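Bear in mind that the values in this text are calculations on the coordinates, not laboratory data. Bear in mind the structure is a predicted one, so any value in this text is a computation, not a measurement. Cβ atoms come from the backbone with ideal geometry, glycine included; neighbour counts cover every protein chain shown.
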Amino acid sequence: MVCVVCLNPAFAQSKDLPAVSHDGLELVEDSEVDILYVLPEADFSGYTKVMVLEAHIAFKKNWQRDQNRSRTRRVSDKDMARMIERGKDLFDHVFTDELEEGGYEVVKQLGEDVLLLRPAIIDLDVTAPDINTPGRSRTYIASSGGATLFIELYDSITSQILARAFDRKTDRDTNIRWSMGTTSVSNTQDATRALKHWAGLLVDGLDRAKGGTE
């Protein structure tokens, strides 16, 4: 379930979503995520493995500029690069663990029984980042703020897209904090909970799709 489609949070909440996407996916009503599109004839019953591509992570537009207007220790390009790399590593770790715990082997090779997962976390809004300063070595990809998850699922052999999902979470509508620390155990745990929430939705969705095709 993920979506890398050009939809913003405001559009995601509108009543004007097309019933069919530009590439033939159909909108699923009453989904647990903000937006879910699935290929009508998609059969998930034969997939037992998942190949997870590196997550694309992007901050909210002008986030660095806005942060540097109100702080003495400026957020540098290197700070942001560290946050992004840490986020990619943690995403891969959490999603791999959750998928395998849910019964889906995570592999590095394409195959007939392999789903290809293309993930992205975008519009990342960190309202209180803790950047590297003397005596403090923590870096956060997110804390109080919000983030949007996009995921697309493909058949790994044919590259046929099977599903696309979109989900926006903020501190205002969830008790999950959006933080990712490099050395702080507590903040890494916060980030892990956030990613586990999304990974759990993916596993549940795959299980339901497989059950519906058996």
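Taking a straight line from the alpha carbon of LYS61, these aspartates and glutamates sit under 12 Å away, with near neighbours fewer than eight places off in the same chain left out: ASP123, ASP125.
Label sites at SER159 and GLU41, each approximated as a point 7 angstrom past Cα along Cα to Cβ, lie 2.0 nm apart. As a rough guide to protection, the peptides 102-108, 83-89 ranked by mean Cβ packing within 10 Å, highest first, stand as 83-89, 102-108.
Could you order the peptides 54-63, 195-204 from most to least packed, using the average number of other C-beta atoms within 10 Å per residue?
Details: 54-63: 16.2, 195-204: 19.4.
Per-residue mean Cβ counts within 10 Å order the peptides as 195-204, 54-63.
Listed by chain and number, the lysines whose alpha-carbon sits under 29 Å from that of LYS60, ignoring those within fewer than 8 places in the same chain, are LYS15, LYS78, LYS88, LYS169, LYS196.
Starting from the Cα-Cα distance between ASP30 and ARG208, subtract it from 0.36 nm times their residue separation and give me the gain in nm to one decimal. Walk me through the numbers on the way to the answer.
Values: separation 178, 0.36 × 178 = 64.08 nm, distance 1.39 nm.
Result for the pair: 62.7 nm of gain on full extension.
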